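For reference, the structure discussed in these notes is given below.
What follows draws every value from the coordinates through simple rules; no lab data is involved. Just so we're clear, the structure is a prediction, and the values are computed from it rather than from any experiment. No Cβ is skipped: glycine too gets one built from the backbone with ideal geometry, and neighbour counts run over all protein chains shown.
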Amino acid sequence: MKLKFEPQRRCPMTKIDWSKYPPVPGFDSIKMKREIQAKIYEETKHMTREEKREHTRKASEAFREEQRLRRAAESQT
């Protein structure tokens, strides 16, 4: 059976891309991820599935609005 699409590479960045963005000294992304996950867990551990869905929707909406405002501010400079 032939696939109708090409599977995406695991990481779309190449070695050249990575050389443009070197690691930031002292920044631990795994630690940051775990802290964020723990915070979200604490906020939602007693919520029902519907409450968690609404919490996620509101957070997504707030993030999109923040991004919209940031883009608007950047376009004015």
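Things to note:
- Angle between the chain longest axis and helix 29-44 axis [Cα atoms, degrees, rounded to 10]: 30
- Degrees separating the helix 49-76 axis from the principal Cα axis of the chain, which is the longest one: 60
- Partner aspartates and glutamates whose Cα lies under 18 Å from the Cα of residue 58, excluding those fewer than 8 positions away in the same chain, are identified as 42, 43, 50, 66.
- Counting only DSSP H runs of at least 4 residues, each contributing -39500 (n - 2.57), and dividing by the residue count of the chain, the helix-based mean residue ellipticity at 222 nm comes to -21500 deg cm²/dmol.
- Look at 36, 16 and count the other Cβ atoms within 10 Å of each Cβ; fewest to most, that gives 16, 36.
- Correct option for mean projected area of the Cα convex hull in nm² [calculated from the coordinates] among (1) 14.0; (2) 10.5; (3) 9.6: (2)
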